[in-house]
Amino acid sequence: MRAPLRAIQSLTEVIEEDYGGQAPGAVPHLQKIVRSAERLDRLVCDVLQFARIARNEISLSPTNVGDLVREIVMDRPEFRTPKAHVSVAIDIVSVQAHEALLSQCLANLLDNAVKYVSHGTVPYVRIFTESASSGRVRLCVQDNGFGIEAEHQSKLFELFRRLPASEGYEGAGVGLAIVKKAAGRMNGEVGVTSSPGLGSTFWIELDKAHA
Amino acid sequence: MNSNSRHVLVAEDDETDRFLIDRANKKAGEPLALAFASNGQEAIDQLEGLRSKPHLHPKIILLDLRMPRKDGLVTLEWIRAQPEFKTVPAIIFSSSSHPQDVARAYALGANAFIVKPGSNDLRAQLIAFLGEWTRFVLPGPLPLEVL
């Protein structure tokens, strides 16, 4: 599926390298084609991932959330100081989950948490669990981002949904749709509490890990 | 230097990919001697023609995973069943990095599984890598024989 895009990107680079000298005015346009193809490629990857989550067979097992978060943060420099401060509560509870899916959810929530902050603000993200009704566990990702107005909160998890405030920040509106789909596959629910200017807390409600 | 010391057989069905690999190779400091096949069956036909000419055997065989007529894995299976070619290092390359594809490739005797380079820079690096490989890596016993 990505092959035609790679061809557009690479052949445009070929034109720029081999013929750019003859038409210097075309070079910025060619570079824009390359960047657009790269962006579309990232979008296609996201959508493919979304489709895979809906399709793959999964089984749930007790999953240590703290360990998962630490692995993600180890892999991703943008989640570490000095770029961001991510902390995990000491008393975080294990949940019944599919490790790869939950890891994807947490990575996507962390992505958003560090991305949607006012320019110049260092993101502070806290991950903790609390007891939800019916004995389930609510896994929370709390940020110091610019927050979301109440009227937009219900639509946030829809595929390709982007909020007016996210203009100027790269994204296609797939990340939270993946979180919702993945949580659903794990018999979970998702939600958010947020106020403009006061940050957001995204949560996934899952069963407590079976002993 | 033998006549085949930098000879690499590349089976790739996508014309654009063949062009881009060829172009990256021509721009390399020390180009490889690339022979292209546009699917697995063509690669097999080329190897059949070289069966009795060991001095012309490729030093490495690069096989696209998904191709018409014979795909990369079927072609690899054929190669590993031929006494003349079974020790030639073979690399599967694909835009997929699906764990099942990777596992099957190694189980069938691939020496490496490479994710297809998506940019011209990465293609140049692949050519350089293959060049280093032709220089330093010796063909050896296969995992299949050990099993």
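A few notes on this one:
- Listed conditions (1) under 24 Å from B:Ala128 (Cα atoms); (2) surrounded by fewer than 18 Cβ atoms within 10 Å (Cβ to Cβ) are all met by B:Arg51, apart from (1).
- Of all the numbered requirements in (1) within 30 Å of A:Leu159 (Cα to Cα); (2) surrounded by fewer than 16 Cβ atoms within 10 Å (Cβ to Cβ), A:Ala26 misses one, and that requirement is (1).
- Once the stretch A:73-90 is narrowed to residues that are of a type in the set (Val, Ile, Thr) and either over 16 Å from A:Cys105 (Cβ atoms) or in contact with a Leu (Cβ under 6 Å, 6 or more places away or on another chain) (or both), the residue that is least open to solvent (accessible area, probe 1.4 Å) is A:Thr81.
- When each of A:Asp46, A:Asp67 is tested for being under 24 Å from B:Pro99 (Cα atoms), open to solvent by 70 Å² or more (accessible area, probe 1.4 Å) and more than 14 Å from chain B (Cβ to nearest Cβ), the lone residue that passes is A:Asp67.
- B:Asp13 touching a Ser or Thr at 6+ places or on another chain (Cβ under 6 Å) and either under 19 Å from B:Glu84 (Cβ atoms) or open to solvent by 50 Å² or more (accessible area, probe 1.4 Å) (or both): yes
- For the stretch A:1-23, the set of residues classified as open to solvent by 60 Å² or more (accessible area, probe 1.4 Å), more than 10 Å from chain B (Cβ to nearest Cβ) and not polar (S, T, N, Q) consists of A:Ile15, A:Tyr19, A:Gly21, listed by residue number.
- Checked against (1) closer than 24 Å to B:Ala124 by Cα; (2) surrounded by fewer than 16 Cβ atoms within 10 Å (Cβ to Cβ); (3) without any contact (Cβ under 8 Å) to a residue 12 or more places away in the chain; (4) within 12 Å of another protein chain (Cβ to nearest Cβ), A:Asn56 passes all but condition (1).
- Note on the stretch A:30-62: residues that are more than 20 Å from the chain's Cα centre (by Cα) and of a type in the set (Val, Ile, Thr) amount to 3.
- Members of the stretch A:69-96 that are touching a residue at least 60 places away in the same chain (Cβ under 8 Å) and among the polar types (S, T, N, Q): A:Ser94, A:Gln96
The values are calculated or read from the model by the stated rules, or taken from the named source; none is laboratory data. Quantities reported herein were computed from a predicted structural model and do not represent experimental measurements. For neighbour counting, all protein chains shown are included, and Cβ atoms are generated from backbone atoms with ideal geometry for every residue, glycine included. The accessibility values were calculated without ligands, DNA or RNA, using every heavy atom of the protein model including side chains. Shrake-Rupley method; radii C 1.70, N 1.55, O 1.52, S 1.80 Å.
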